[in-house]
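This report refers to the structure that appears directly beneath it.
The values are calculated or read from the model by the stated rules, or taken from the named source; none is laboratory data. Fair warning: this is a prediction, and the values are worked out from it, not measured in the lab. Positions of Cβ are generated from backbone atoms using ideal geometry, with glycine treated the same way; all protein chains shown enter the neighbour counts. All accessible areas refer to the heavy atoms of the entire protein, side chains included, with ligands and DNA or RNA removed. Shrake-Rupley method; radii C 1.70, N 1.55, O 1.52, S 1.80 Å.
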Amino acid sequence: MSMPPQRDMRAWVQSGYGGVERLELLTVPRPSPGKGEVRVRVSTCGVNLSDWEFLTGSPFYARLAGGFVRPWRSVLGSDIVGEIDALGEGVEGWKTGERVMGDFVMTRGGFAEYAIVKAAYCNRVPLELSDEVAAALPQSGGIALAGVAGAENGVRFLINGAGGGAGPIALHLAKARGAIVTCVDRGDKLDYLTHLGADQVIDYETTDFAGTGQKWDLILDLVATRSAQTVARALAESGRYQAVGGSVSTLLSLMGGSFFYRAGGRQIGVLAVPSSADVTADIARRAVSGELKPLLDDVFPLERCDEAIAKVGAGAARGKVVVKV
């Protein structure tokens, strides 16, 4: 297969674990796709909390997945949207120029002008979706869709960390299904969450939802910091708590608590979020139909990608932040 001449590209390169000072916008060789891979000319890439975790190497599981001492992957960015620019050996069913999207969290590379991704994880972008909306969907949409399972008519549903990328999507899905939704985030996001339809809002800077005496049937915790014993106090009989991320000690407490509290009918554990082309395709279909609605907070140019990652890492985003290449 003939390949176009190799040129350079711009990419945000991570030199090690730390803050955004470990990122630098450099000119580097444009990579070539290997067997089963395609090269994508990146249009837009969503920014996720996982990007901040892979940058800082914290929580510890980020190092287990991304490199113990140094990052295995030097370019972050997993929710990639763009056009196929070149095909690797053995790739069938795709052609150059096709517009694709996907959740490439294990390979990353989206904060650059070109990215190498597995063809098996690619999806065609529906014509109805803009590049910015498509980039806001894969990871956050997957978390939200999995997290609202059981949030049906009359169910008391709490979302902790509701103001970021996945929270507003989960709020919209839960309200559409008839759930009574409580949103927890910092004070400057509460009016925003009320406007989106939250039935109740709680400022985590002044109030611990687990200490209010209220009970919820379903809790989706996007910023897990509490032990199983603490969150159990906020669960109704037969209630379910699901965490996304958190420190190793917190996750171990939650997994241990899952056995202790199950006997009493309450479920406590970590939300398993699948990542595949089929999942992304389902999320995209739901976005086209209007069932699933991502909210864009800000679109940063590639030159300010470090600012975009810092904003998400600080918990300052109201909705989804994306980088436009």
Please list, or write none, the aspartates and glutamates whose alpha carbon is within less than 15 Å of the alpha carbon of residue 293, excluding same-chain residues fewer than 8 places away. 128, 131, 132, 282
If you project the alpha carbons of the range 116-245 onto the principal axes, what extent comes out on each, in Å, largest first? 48, 29, 28
Straight-distance crosslink candidates among aspartates and glutamates, where the alpha carbon sits under 14 Å from residue 175 and sequence neighbours closer than 8 are dropped: 152, 199, 291
Expressed as a percent, the accessible surface of the range 217-321 that is carbon or sulfur, using a 1.4 Å probe and the full set of protein chains, is 54
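For 95, 293, 324, write out the residues from largest to smallest accessible area, computed with a 1.4 angstrom probe and no ligands counted. Present the calculation step by step, with values, prior to reporting the outcome.
Numbers: 95 130, 293 105, 324 70 Å².
Descending order: 95, 293, 324.
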Using helices alone, I'd like the mean residue ellipticity at 222 nm for the chain: each DSSP H run of four-plus residues gives -39500 (n - 2.57), total over residue count, nearest 500. -7500 deg cm²/dmol
With each pseudo-label sitting 7 Å past Cα toward Cβ, what's the residue 120-residue 233 distance in nm, one decimal? 4.7
Just to confirm my numbers, what's the Cα centroid distance between the range 48-122 and the range 140-192 in Å? 27
Which net charge results for the neighbourhood of residue 313, defined as the other residues with beta-carbon distances under 11 angstrom from its beta-carbon, given Lys and Arg at +1 and Asp and Glu at -1? -3
What does the charge dipole of the chain about its Cα centre add up to, to the nearest 20 debye, if the Cβ of each Lys and Arg holds +1 and the Cβ of each Asp and Glu holds -1? 560
Using only the Cα atoms of the range 96-151, what do you get for the radius of gyration and for Dmax, in Å? 12.7, 41
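May I ask you to derive the relative contact order of the chain, considering only C-alpha pairs under 8 Å and at least 6 residues apart, and to give it as an integer percent?
On the way: 775 pairs, mean separation 62.0, N = 325.
After rounding, I find 19 percent.
Take the residue pairs 189/324; 189/311; 35/324 and return only those whose Cα atoms are more than 19 Å apart. Intermediate results must be reported in sequence, preceding the final value.
Working: 189/324 25 Å; 189/311 14 Å; 35/324 28 Å.
Among 189/324; 189/311; 35/324, the Cα-Cα distance tops 19 Å for 189/324; 35/324.
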Taking every alpha carbon pair in the range 1-149, what does the distance histogram look like in 10 angstrom bins from 0, in percent? 12, 39, 36, 12, 1
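Give me the compactness ratio for the range 215-325, meaning the Cα radius of gyration over 2.2 N^0.38 Å.
Working: Rg = 17.5 Å, N = 111, 2.2 N^0.38 = 13.2 Å.
Cα Rg divided by the expected 2.2 N^0.38 Å: 1.33.
Given 10 °C and 1.306 mPa s, how large is the Stokes-Einstein diffusion coefficient of the range 46-88 in µm²/s, with Rh as the Kirkwood radius over Cα pairs? Spell out each step's value before the answer.
Working: Rh = 11.5 Å.
For these conditions, the coefficient is 138 µm²/s.
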Taking only complete DSSP H runs, can you tell me which helices of the chain stretch 15 Å or more along their own long axis by Cα positions and average at least 0.5 on the Kyte-Doolittle scale? 166-176, 248-262
In the range 1-71 the accessible area split gives carbon plus sulfur, as whole percent at 1.4 Å, a share of 58
Here the residues of the range 140-154 lying in the modelled label zone of residue 176, meaning backbone nitrogen under 15 Å from a point 7 Å along Cα-to-Cβ, are 141-153
I want the local charge near residue 97. Using Cβ-Cβ distances under 15 Å, sum +1 for each Lys or Arg and -1 for each Asp or Glu among the other residues. +1
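At 1.4 Å probe radius, can you tell me the per residue accessible area of the chain in Å²?
Working: 13850 Å² over 325 residues.
Per-residue value: 43 Å².
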